[in-house]
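A.B. asks: To start, I am sharing the structure in question, which I have written as structure tokens.
The values are calculated or read from the model by the stated rules, or taken from the named source; none is laboratory data. Remember, it's a predicted structure, so these values are computed and weren't measured experimentally. When we count neighbours, we look across all protein chains shown, and the Cβ atoms used for this are built from the backbone with ideal geometry, even at glycine. Calculation scope for accessible area: heavy atoms of the full protein, side chains included, ligands and nucleic acids excluded. Shrake-Rupley method; radii C 1.70, N 1.55, O 1.52, S 1.80 Å.
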Amino acid sequence: MKPEFTYIEQFINRIDVECPSCKAKAVVTSSPENRAETRFTCVRCGSTKHWIGKENVFQTGSSIFNSGGILLGSPIDCYFKYPLWYQTEIKGEVLFGYNLEHLTYLLNFISSKVRERQSNEHGWSNRSLESRLPKWMLSAKNREVIEKKLKELMAKEG
Ligand SMILES: [Zn+2]
């Protein structure tokens, strides 16, 4: 399963979340070399938590709540499953980023690649990243609204 997630994995070592206690911006830190050291820290209320999970189990989507593994692709952090700080809605879909770096990556990708796609339909389907992004994000007609929402998220104060 692991190669599937190479792209997203670079963003899951520092995840901005909403503190479940005080709703402030808090952070989950992890390390691919030592997932056992994954922890949650909220500076506002002083809450901290140490993650105890399945370090090498990667999952996506629906099996969230019966899994003690690392969950990718949902608007919650991969470890504790707290709500992400950077998330918003577009036409009933959830747009989210794990951190500013991830949002920046998405913005650059959407801005350049979606345009490119229109003139290069053939080469698109086999490339790696876009097969992991939902179709609505890759639709040229959604590009402007996605760019706008990403910029709004990036400006969200913590
Ligand atoms: Zn807190």
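A.B. asks: Looking at segment 134-144, which of its residues are open to solvent by less than 80 Å² (accessible area, probe 1.4 Å) and under 13 Å from Ser111 (Cβ atoms)?
C.D. replies: Matches in segment 134-144: Met137, Leu138, Ala140, Asn142, Arg143.
A.B. asks: Let me ask something additional. Which of the residues belonging to segment 26-59 are touching a residue at least 24 places away in the same chain (Cβ under 8 Å) and more than 9 Å from the ligand (Cβ to nearest atom)?
C.D. replies: Of everything in segment 26-59, those that are touching a residue at least 24 places away in the same chain (Cβ under 8 Å) and more than 9 Å from the ligand (Cβ to nearest atom) turn out to be Val28, Ser30, Arg35, Thr38, Phe40, Lys49, Trp51, Gly53, Phe58.
A.B. asks: Can I ask one more? Filter segment 14-44 for residues that are modelled with pLDDT under 95 and surrounded by 14 or more Cβ atoms within 10 Å (Cβ to Cβ) and give the result.
C.D. replies: Scanning segment 14-44 gives a single hit, Arg35.
A.B. asks: Given the criteria modelled with pLDDT under 95, buried (at least 18 other Cβ atoms within 10 Å of the Cβ) and away from the ligand (no atom under 16 Å from the Cβ), does Ile70 qualify?
C.D. replies: Yes; evaluated as a whole, the condition is true for this residue.
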